[in-house]
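Visitor: Before I ask anything, let me first share the structure, which is written out below as structure tokens.
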Amino acid sequence: MITLIIKIAVINADDHYSEVMSNASAFPYIPYGLADDAFIKATNLDLQADASTFVIETPKEAIHVESKLTGKFNVYNILAAVSVAYHYQIPKEQIQTALRKIGGVPGRLEKVEIGQNFTVIVDYAHTPDSLENVLQTLNEIKENRIITVVGCGGDRDRSKRPKMADAAIKYSQLSLFTSDNPRTEDPKNILKDMTGHLKGDEFKVIIDRQEAIKEAIWSAQKGDIILIAGKGHETYQEVNGEKRHFDDREVAKQFIEERQKES
């Protein structure tokens, strides 16, 4: 038996370049998005810090989605996958089961959760664009404040350092600037590059990364989101050419537990 595979493209209809991409496509395409005219569209979005629920409307049926992934960008990712599944006539129940099982990627919007009344998220964002994108996502789901812990790596592009700080200040109510992987640079000089142009009291400079994470945990209020950015899944900190064990997730968990014992 020969199975005929018909090639298609799936295109985000909400993207500014959707018309360019659709005109350039050598194959039929399925436009997906949040707009009413999308062929496959998401409605009734409920984006929380730990999950997302929404409805995907197709020409055939409505698919109720429950996902551990959060943020609007993940809604778009799911829409793209469901568009392909729709084309190949994957049953609705199979789609729903698969989406419920999908977990996050280590170090990408990864939650540190041990029963606290605030959210702690570790993410690998280490460029101005990636940090801004993550913080925009968190602003979509926040209940209270956003506290950002972030630094910049040493021996790397210095021009991005003030831009990283600007992104944190723009989207956070409190920014704690600290060491990342300083490598052969003095962390004080890296942080001066990041914050030398800033004014006001909406940020602190705490050179020691462990102390910065502690400050974030202990200053968190109910409903806050703490973003610990820059290192994500990494389990080391590189200082003067030496890789020392350091895992943002472990450190955050340690201080959450200490705070819970004190309460």
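Visitor: From the list Arg183, Arg209, Arg249, which one is modelled with pLDDT of 95 or more, surrounded by 15 or more Cβ atoms within 10 Å (Cβ to Cβ) and within 17 Å of Arg108 (Cα to Cα)? Before the answer, list the steps.
Guide: Working: Arg183 fails: within 17 Å of Arg108 (Cα to Cα); Arg209 fails: within 17 Å of Arg108 (Cα to Cα).
Criteria check complete, one pass: Arg249.
Visitor: Working carefully through the options Ala80, Ala98, Ala85, find the one that is hydrophobic (A, V, I, L, M, F, W, C), assigned to a helix (DSSP H, G or I) and touching a residue at least 60 places away in the same chain (Cβ under 8 Å). Outline the logic, then answer.
Guide: Details: Ala98 fails: touching a residue at least 60 places away in the same chain (Cβ under 8 Å); Ala85 fails: touching a residue at least 60 places away in the same chain (Cβ under 8 Å).
Only one candidate passes the filter, namely Ala80.
Visitor: So which residues in region 215-259 are over 26 Å from Glu202 (Cα atoms) and not in a loop (DSSP other than H, G, I, E, B)?
Guide: Hits for region 215-259 are Tyr236, Gln237, Glu238, Val239, Glu242, Lys243, Arg244, His245, Glu250, Glu257.
Visitor: List, please: which pairs have Cβ atoms under 9 Å, are six or more places apart or on different chains, and start with a residue in region 119-131 that is in the same structural domain as Lys160 (by TED's automatic domain parsing) and end with one that is hydroxyl-bearing (Ser, Thr, Tyr) and part of a loop (DSSP other than H, G, I, E, B)?
Guide: Ser130/Tyr124
Visitor: Are any of the residues in region 192-200 surrounded by 17 or more Cβ atoms within 10 Å (Cβ to Cβ), under 24 Å from the mean Cα position of the chain (by Cα) and of a type in the set (Asp, Glu)?
Guide: So in region 192-200, the residues surrounded by 17 or more Cβ atoms within 10 Å (Cβ to Cβ) come out as 193-195.
Keeping just the survivors that are under 24 Å from the mean Cα position of the chain (by Cα) gives 194-195.
Add one more test, that the residue is of a type in the set (Asp, Glu), and what stays is none.
No, every residue in region 192-200 fails to be surrounded by 17 or more Cβ atoms within 10 Å (Cβ to Cβ), under 24 Å from the mean Cα position of the chain (by Cα) and of a type in the set (Asp, Glu).
Visitor: State the number of residues belonging to region 147-178 that are in a strand (DSSP E or B) and free of Cβ contacts under 8 Å to residues at least 40 places away in the same chain.
Guide: Start the filter on region 147-178 by keeping residues that are in a strand (DSSP E or B), which leaves 147-150, 174-177.
Still in the list and also free of Cβ contacts under 8 Å to residues at least 40 places away in the same chain: 175, 177.
Count: 2.
The values are calculated or read from the model by the stated rules, or taken from the named source; none is laboratory data. Everything numeric here is computed off the predicted structure, so don't read it as measured data. Heads up, the Cβs are rebuilt from the backbone with ideal geometry, glycines too, and the neighbour counts pull from every protein chain shown.
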